[in-house]
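Have a look at the structure below before the remarks.
The values are calculated or read from the model by the stated rules, or taken from the named source; none is laboratory data. All figures in this text were calculated on a predicted structure; none of them were measured in a lab. Neighbour counts are summed over all protein chains in view; Cβ atoms, including those assigned to glycine, are modelled from backbone coordinates with ideal geometry.
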């Protein structure tokens, strides 16, 4: 395997980028025979790499009987073809490798459709007039193409037709997800989404908090399909916790578009937990990559966000103390170990407080005979005060906006006035 450090990522060290490329290859069980970073003086239009580098790597590929070379950068279709000719082996770039990982990992129907859509979009861009078998002309019979239509045009049209069919099927899946989301809003429970760089420990934390048994492996992109579970907080509030696909630097734009539906749970989230691997040498660069993706998704800047500084159990004692002290001083940060549970209760307490900030204090007049509504107020809200009259109970209560809307629509219930109270 040959990995090439992208020149437009100065904030990430060469060694870290090379190690991530190894991890990506290992994610689909590729046996890495050789890996190195190549410094480019300038990009060669024909082969990306310089002639000397191509020849030297070609000798290694021949000697080691290597069947696949991975270039950790964007490789143009003509560059891919020329490298395959020079090295006599299959060549894929970073986008192709990530697509292979996603294709191997997607389990749900939506995930599989999104991967296929991204793959076809990628393949369509690779259909250039470079391979001889795509340049042949064939006579047209009316149902496979017009007279003189070339094989490349047929392949491109067939891929285009398949893309159209997948998009239609995805629309049905997305509509189903929207119905499920609407049902959750009627419940309604706040959504808390876990996001973070791939392999930051999101699934391990998800399992720690919910005991869900989601695959949590020390490999990149262990989770692709969104997983959601109900979770009860110490205050009695029920939330829906969502585990999402991990982010990565230079995520192929085909996948950003294709997986937008998967990441819609983040757009709908009431609170976002950004899980960071603080034991990773490039933790700050990974943080910026995640923030960039969240910005691309259109997440509002005022959306409540908590930084969970994970894997403190892997830090040396001095570094662990520094991270713990820093988290104590910074609002919205908490140091945790998803593996052993350290800081998990504090994280959930912080989620509870962030959700409580959104609550509004109101006074509700409920007929004394309506025990069901009174019980609901105690169960769903935080009762601040109650005053009973002969015919009604006047309850001052903190409610989430969705619950406030729900109680306002109930027949026979009157919201008498807003209450000035802290929502902490």
Quick one: residue 75 ticks every box in (1) out of contact with any helix residue (DSSP H, G or I) (no Cβ under 6 Å at 6 or more places or on another chain); (2) farther than 25 Å from residue 13 by Cβ except a single one, so which number is it?
-> (2)
Filter pass, residue 366 being touching a helix residue (DSSP H, G or I) at 6+ places or on another chain (Cβ under 7 Å), outside the structural domain of residue 237 (by TED's automatic domain parsing) and crowded, with 16+ Cβ neighbours inside 10 Å | yes
Filter the range 40-80 for residues that are free of Cβ contacts under 8 Å to residues at least 12 places away in the same chain and in a loop (DSSP other than H, G, I, E, B); the one that is surrounded by the most Cβ atoms within 10 Å (Cβ to Cβ) is 50
Just one of the numbered conditions (1) at pLDDT below 90; (2) closer than 30 Å to residue 173 by Cα; (3) surrounded by 14 or more Cβ atoms within 10 Å (Cβ to Cβ) is not true of residue 273; which one?
-> (1)
Mind listing whichever residues of the range 107-121 are farther than 22 Å from residue 26 by Cα and assigned to a helix (DSSP H, G or I)?
-> 109, 110, 113, 114, 117, 120, 121
Would you tally the residues in the range 374-397 being in a helix (DSSP H, G or I) and more than 39 Å from the chain's Cα centre (by Cα)?
-> 1
Hey, can you tell me all the residues within the range 291-340 that are touching a residue at least 24 places away in the same chain (Cβ under 8 Å), assigned to a helix (DSSP H, G or I) and under 23 Å from residue 353 (Cβ atoms)?
-> 294, 312, 323
Pull up the range 81-106, narrow it to residues that are modelled with pLDDT of 90 or more and part of a loop (DSSP other than H, G, I, E, B), then point me to the one that is farthest from the chain's Cα centre (by Cα).
-> 88
If you check 351, 330, which single one turns out to be at pLDDT 90 or above and surrounded by 16 or more Cβ atoms within 10 Å (Cβ to Cβ)?
-> 351
Counting only residues that are surrounded by 13 or more Cβ atoms within 10 Å (Cβ to Cβ) and closer than 21 Å to residue 357 by Cβ, which one in the range 402-414 is modelled with the lowest pLDDT?
-> 402
